[in-house]
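Colleague: Below are the structure tokens for one structure; questions will follow.
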Amino acid sequence: MTLAVNAASSTSSIPAPRIVVLGSLNMDLVARVPHVPEAGETLTGHSMATIPGGKGANQAVSCARQGAQVQMLGCVGDDAYGSALRQALQQDGIDTGTLRTVTAEATGVALILVEDNGQNRIVLNPGANGRFEVDEAALRQQLNGAAFMVAQFEVPLPQVAKAIRVAHAAGCKVLLNPSPVQAIDQPLWPLIDTLVVNEIEAKDLSGHTVNTPQEALVAGQALRAKGVARVVITLGAHGAVAVAQGGASYHPALKVRAVDTTAAGDTFLGALATALGEGQSLDEAVRLGIRAAALCVQQPGAQPSIPRRDAVLRSPMPPDWTVL
Ligand code: RIB
């Protein structure tokens, strides 16, 4: 049986949640191309741009633009890209006092090819992101009063694992986006409050192929069985599926013309984290994420394409969600 549900979200009187984002900062070197070149082919691109990105930094920017009070933990190199990335976060009011500048290491760089259909392909050189280390005592203090600690896998996995253990012990909820995907040790699963994955990550971690909402439900249930409380599986242009103890729901996406999907997942995650931090339900939070991501894909680049809350609230409502 399916049941249609439609909820409005309004947040005017809700205090800004505090969110600590731990993760990567990259300078994105973006070439727009008619298609991906074959081996040995030299291709003339349409354009080339240098744009602030990195999954951690993008998610921090998305949280801040949705109204959260954000602190970013990560590493940049002692170079021009590092300064530019730090400044970009500061322009969004993000606390960068906990960003470390690593000497004798280059800032992370992502080489991104964006095809005419908006799809991207990314090659990452982690640089200073690979030097990220968690200071347990400092992290405990930073997490004090935070609604969520958000993390991804573009910084070393053992450090993310350490941070998850610290956050859980400190009573701070963990929202994990295991991207680029790597196996998660079994003892970590129950320490994660909300896992956000795309179809590929869901398949890798659950063993179940994900092409449809029903398949996402099966994968989400398998991931919940590992111990995580809530799972959100994003399905690109098809929307997202949310699986929690109370049940599961399918949220269709808005139909829009994508010019660049870079940072769409990060935008979704930041809106989701902020709405959850405000105390909204998982379904309302997913809905906000879908609206934010729909705006993101209509603009080129990572951080410049991440919308602010007022723009998201002015944007069209997605179709009703259905209970799975
Ligand atoms: O999620 C998009 C991001 O992935 C890009 O900004 C790029 O830096 C890579 O990390």
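Colleague: Give just the number: which of (1) touching a strand residue (DSSP E or B) at 6+ places or on another chain (Cβ under 7 Å); (2) crowded, with 16+ Cβ neighbours inside 10 Å; (3) not in a helix (DSSP H, G or I) does residue 145 not satisfy?
Modeller: (2)
Colleague: Enumerate the pairs (first residue in segment 23-41 and without any contact (Cβ under 8 Å) to a residue 60 or more places away in the chain; second residue anywhere and away from the ligand (no atom under 16 Å from the Cβ)) with beta-carbon separation below 8 Å, excluding pairs fewer than 6 apart on the same chain, so at least 6 apart or on different chains.
Modeller: Close Cβ pairs (under 8 Å, with a partner that is away from the ligand (no atom under 16 Å from the Cβ)) amount to 37/43.
Colleague: Tell me which residues, restricted to segment 119-132, are open to solvent by 80 Å² or more (accessible area, probe 1.4 Å), within 13 Å of the ligand (Cβ to nearest atom) and over 23 Å from residue 299 (Cβ atoms).
Modeller: If the condition is that a residue be open to solvent by 80 Å² or more (accessible area, probe 1.4 Å), within 13 Å of the ligand (Cβ to nearest atom) and over 23 Å from residue 299 (Cβ atoms), then 125 is the only one that fits.
Colleague: Which of the helices (runs of 4 or more DSSP H) found entirely inside segment 220-324 contain at least 3 residues meeting this: closer than 23 Å to residue 119 by Cβ and touching a residue at least 60 places away in the same chain (Cβ under 8 Å)? Let's see the steps before the verdict.
Modeller: Values: elements: 264-277, 282-296, 309-314.
In segment 220-324, the matching helices (runs of 4 or more DSSP H) lie at 264-277.
Colleague: Taking segment 300-310 on its own, how many of its residues are open to solvent by 30 Å² or more (accessible area, probe 1.4 Å), more than 15 Å from the ligand (Cβ to nearest atom) and not basic (Lys, Arg)?
Modeller: The number of residues fulfilling the criteria is 1.
Colleague: Every residue in segment 171-230 that is among the basic types (Lys, Arg) and touching a Ser or Thr at 6+ places or on another chain (Cβ under 9 Å), please.
Modeller: 173, 203, 226, 230 - these are the residues of segment 171-230 that are among the basic types (Lys, Arg) and touching a Ser or Thr at 6+ places or on another chain (Cβ under 9 Å).
Colleague: Now, a different point. Look through segment 269-299, keep the residues that are within 14 Å of the ligand (Cβ to nearest atom) and open to solvent by 10 Å² or more (accessible area, probe 1.4 Å), and return whichever of them is farthest from the chain's Cα centre (by Cα).
Modeller: 299
Colleague: Would you mind finding the one in 171, 207, 246, 239 that is modelled with pLDDT under 95 and more than 16 Å from the ligand (Cβ to nearest atom)?
Modeller: 246
Colleague: Could you list, in sequence order, all residues of segment 218-242 that are farther than 23 Å from residue 55 by Cα and buried (at least 22 other Cβ atoms within 10 Å of the Cβ)?
Modeller: Residue satisfying the conditions is 219 alone.
Colleague: Further question on the same structure: Assigned to a loop (DSSP other than H, G, I, E, B) and either touching a residue at least 12 places away in the same chain (Cβ under 8 Å) or more than 17 Å from the chain's Cα centre (by Cα) (or both): does that describe residue 201?
Modeller: When the stated conditions are applied, residue 201 does not pass them.
This table checks each residue for (1) hydroxyl-bearing (Ser, Thr, Tyr); (2) closer than 28 Å to residue 324 by Cα.
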{"residue": "145", "(1), (2)": "no, no"}
{"residue": "164", "(1), (2)": "no, no"}
{"residue": "179", "(1), (2)": "yes, yes"}
{"residue": "183", "(1), (2)": "no, yes"}
{"residue": "191", "(1), (2)": "no, yes"}
{"residue": "203", "(1), (2)": "no, yes"}
{"residue": "209", "(1), (2)": "yes, yes"}
{"residue": "215", "(1), (2)": "no, yes"}
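Listed here are the residues, each with its yes/no results for (1) in contact (Cβ under 8 Å) with a residue 12 or more places away in the chain; (2) polar (S, T, N, Q); (3) within 22 Å of residue 63 (Cα to Cα).
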{"site": "139", "(1), (2), (3)": "yes, no, yes"}
{"site": "142", "(1), (2), (3)": "yes, yes, yes"}
{"site": "145", "(1), (2), (3)": "yes, no, yes"}
{"site": "189", "(1), (2), (3)": "yes, no, no"}
{"site": "194", "(1), (2), (3)": "yes, yes, yes"}
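Listed here are the residues, each with its yes/no results for (1) among the aliphatic types (A, V, I, L, M); (2) within 20 Å of the chain's Cα centre (by Cα).
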| site | (1), (2) |
| --- | --- |
| 46 | no, no |
| 62 | no, yes |
| 67 | no, yes |
| 96 | no, yes |
| 104 | yes, no |
| 123 | yes, yes |
| 131 | no, no |
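The values are calculated or read from the model by the stated rules, or taken from the named source; none is laboratory data. Bear in mind that the values here come from a model prediction, so they are computed numbers and not experimental data. Backbone-built Cβ (ideal geometry, glycine too); neighbour counts: all protein chains shown. We work out accessible area using only protein heavy atoms, side chains counted, and drop any ligands, DNA or RNA first. Shrake-Rupley method; radii C 1.70, N 1.55, O 1.52, S 1.80 Å.
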